[in-house]
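Following: one structure in structure tokens, then a few remarks.
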Amino acid sequence: MVRVEWPLHIVRRVALAAVLAVVLAAGAWTGIGWLQERQSRCADGVVERGPADECVGVTDGSYSFAPHLEAVRKKIQEENARVLDNADKEPYVSVAYLTSFTVTADDSNSAEGVRRELQGAYLAQHRHNRGDLSATPKIRLLIANSGSGSKHWQHTVDELIARKDSPDRLVAVAGLGPSTDENLAAIRRLSENGIAMVGATMTATNIQNINGFVRVAPTNVDEAYAAAGFLKRRDVRTAVVIQDVAKGNLYASTLGTAFTQAFHDGTKHKLVAERMTYDSSVSSAWQNELRYLPGQLCLQKPQLVYFAGRGRHLTHFLDALSNRSCPEQKFTVFAGDDTTNLTAEQLAKAAETGLEVLYTGLSHPDMYRSSPQAVSAPSAKNFQPGGLLDQWFPHDPRDDGGALMGHDAVLTAAHGIQMAARWKGEVVGDAVARMFHQMDGSQQVAGASGFISFQNNGNPRNKAVPILRLNAKGRAEFVEVSAAEGKPPEEQ
């Protein structure tokens, strides 16, 4: 074979061309990646994700995840800017409020509900930074959106973890959304990274014993025992449980089991039928299932129907029950706190059925007027007519309790931050989380939803639980304060 000898200058040109080709290819690839990233970017820390192009991630208030959040978003942005402007005089850390802010019809929480939670969170920030509870270090409040159904929790949680260091100095995450597998996974990931967490509306009893996690909401067990105690005082003797058995619905599964244990004693108070079920994960069947259940109830004739399912399913069930084949048979329906996530229109539709509907809430402004010893007066007054929230966000009702729970979750984080900072302590996530275990006696959280201290598993001790009634106008009407042990804790 003849060997071809290339002149040296030709070899150099070929080699240079090859190198340039590689560089250009790499540059083109990087450029495409950069362009795609820019096109999917909604704002600093916020990107589009999923087929719906939801903007998810973390913002300091400079970006609005939804138009209805504008008023509270602006206040948070202004307060965060003020904290940064004074950073050379007063140290600060960050707390994020994490939930699904771009909710759809598939979410159990409503747009109104998450807006009010954020309003309450801002109130707690304001009180801690420059209000009646002014303390150091100051708090920047970040808004973290995990997307509808928390489908994009991994991206948002990774964004939060990245903000542990300067300039954000994130130490705690509050809110955390409803009781779902996705939100439980988010909690575990945050725990692994040493970030303190305070659940606001999460009630599933089996979300517990996670390092760094506490909640201000009563558990489903506490709600069930509070409900059972109220019903027994009302001389209700027979009941049937209807439960959603959809996989991943931790709220429904723990609520149904807890009420069964709390109410049924086999003698004076009993369940007159086997638990009736439906499966909301089967989209083509669950509404039909709910339509068949009233026929079974007509046969069993319980005084009470305990509905262990999401609020949006409850409205379909009430509609079916109002058209039952035994109109002469009277039923009282009792549900859990997810009823408070219904929109005003959904509540009005439920009221039109004419059925008596009672439910356990997470909190209610009228708790203060009815049982002032069960809640903190300085906290509760902010939610009364003419209070700070009424001044800042007029015409936004707060009887769903969302604002109170968002406030108490951030207030708990703020209290932990203040405690960790004493005696020149280092304010980091792990240190704040340890302070949750010291919040007892004189250090309990003076919340608008009740006085709060925590068990070792992260659950609140004997939390106050309001019993609510859906009135004819579709509004939550306060009935009384109950608790798992009958009487909630008081100020110490």
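Any read-out appearing in this document is the output of simple, stated calculations on the displayed coordinates, not a laboratory observation. Remember, it's a predicted structure, so these values are computed and weren't measured experimentally. Note that we place each Cβ from the backbone using ideal geometry, even for glycine, and neighbour counts take in every protein chain shown.
Would you tally the net charge around LYS247, using a Cβ to Cβ cut-off of less than 15 Å, leaving LYS247 out, and scoring K and R as +1, D and E as -1? Please list the in-between numbers first.
Numbers: positive: ARG310; negative: ASP181, GLU182, ASP244, ASP279.
Around LYS247, the surrounding residues sum to -3.
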Per residue of the range 413-430, what does 6.51 cos²θ - 1.76 cosθ + 1.60 with θ = phi - 60° give for ³J(HN,Hα)? Whole Hz please, x for Gly and Pro, Karplus curve as stated.
4, 5, 5, x, 5, 5, 5, 5, 7, 5, 6, 6, x, 7, 8, 10, x, 4
Where nothing but the Cβ of Lys and Arg (+1) and of Asp and Glu (-1) is charged, how large is the charge dipole of the chain around its Cα centre, in debye to the nearest 20?
340
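By the scheme Lys and Arg +1, Asp and Glu -1, what is the net charge of all other residues having a beta-carbon under 12 Å from that of VAL93?
+1
Nearest 5 percent is fine: what portion of the DSSP beta bridges confined to the range 177-279 is antiparallel?
10
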Only one of the listed values, [x] 63, 50, 44; [y] 104, 64, 40; [z] 61, 56, 50, was derived from the coordinates as Cα extents along the principal axes in Å; which label is it?
[y]
Loop-located GluC sites (Glu not before Pro) in the range 431-492, at most 15 other Cβ atoms within 10 Å (DSSP):
GLU485, GLU490, GLU491
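Using DSSP to define loop residues, name the trypsin sites (Lys or Arg not before Pro) in the range 103-169 whose beta-carbon has at most 11 other beta-carbon atoms within 10 Å.
Values: sites: ARG115, ARG116, ARG127, ARG130, LYS138, ARG140, LYS151, ARG163, LYS164, ARG169; in loops: LYS151, ARG163, LYS164, ARG169.
Passing sites in the range 103-169 do not exist.
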To make sure I understand, if each residue's beta carbon is the centre and we count other beta carbons within 10 Å, what order do CYS298, CYS42, CYS326 fall in, fewest to most?
CYS326, CYS298, CYS42
Looking at SER449, HIS364, THR340, which one has the Cα that reaches farthest to the positive end of the dipole of the range 330-470 (charges on Cβ: Lys, Arg +1; Asp, Glu -1)?
SER449
From the backbone phi of the range 265-273, what are the Karplus-calculated ³J(HN,Hα) couplings (6.51 cos²θ - 1.76 cosθ + 1.60, θ = phi - 60°) in whole Hz, Gly and Pro given as x?
10, x, 10, 6, 10, 8, 8, 8, 7
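When ILE207, ILE161 are ordered from fewest to most other Cβ atoms inside 10 Å of their Cβ, what list results?
Details: ILE207 26, ILE161 18.
Fewest-to-most ranking of ILE207, ILE161: ILE161, ILE207.
Rounded to the nearest 500, what is the 222 nm mean residue ellipticity of the chain from helices alone, with -39500 (n - 2.57) per DSSP H run of 4+ residues and division by all residues? Could the numbers behind the result be given before it?
On the way: 15 runs with 195 residues, N = 492.
Estimated from H runs of four or more residues: -12500 deg cm²/dmol.
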Hey, with R₀ at 51 Å, roughly what FRET efficiency would ASP85 and GLU356 work out to, going by the Cβ-Cβ distance, to 0.05?
0.40
Could you check what % of the DSSP bridge pairs in the chain are antiparallel, to the nearest 5?
40
Reduced to Cα centres, the span from the range 256-301 to the range 372-406 in Å works out to 35
Out of GLY199, GLY402, ASN80 - ranked by how far each Cα lies towards the positive end of the dipole of the chain, with unit charges on the beta-carbon of charged residues - the top one is GLY199
Near LYS330, which aspartates and glutamates are there with a Cα under 12 Å away, not counting those fewer than 8 places off in the same chain?
GLU356
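So if each residue of separation counts as 0.36 nm, and I subtract the Cα-Cα distance between ASP181 and ARG369, what length gain in nm does that give? Kindly include the intermediate steps, with their values, before the conclusion.
On the way: separation 188, 0.36 × 188 = 67.68 nm, distance 3.70 nm.
Working it through step by step, the gained length comes to 64.0 nm.
Taking 0.36 nm per residue of separation and subtracting the Cα-Cα distance, what length does fully extending ASP106 through LYS301 add? Working shown, then result.
Working: separation 195, 0.36 × 195 = 70.20 nm, distance 3.25 nm.
My answer for the length gained is 66.9 nm.
Go through LYS424/LYS487; LYS247/LYS301; LYS268/LYS463; LYS138/LYS463; LYS164/LYS487; LYS268/LYS473 and tell me which ones have a Cα-Cα distance over 32 Å in this structure.
As for pairs spanning more than 32 Å Cα to Cα, those are LYS424/LYS487; LYS164/LYS487; LYS268/LYS473.
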The simple spin-label model distance between ARG275 and GLU345, using points 7 Å out along Cα→Cβ, in nm, is 3.4
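Could you tally the net charge around THR203, taking each other residue with its Cβ under 9 Å from the Cβ of THR203, Lys/Arg +1 and Asp/Glu -1? Working shown, then result.
On the way: positive: ARG215; negative: ASP222, GLU223, ASP337, ASP338.
Combined, the nearby Lys, Arg, Asp and Glu give -3.
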Among GLN373, GLY229, VAL171, the residue whose Cα sits farthest towards the positive end of the charge dipole of the chain, when +1 is placed on the Cβ of each Lys and Arg and -1 on the Cβ of each Asp and Glu, is VAL171
Just report the Cα centroid separation between the range 88-167 and the range 415-492, whole Å.
19
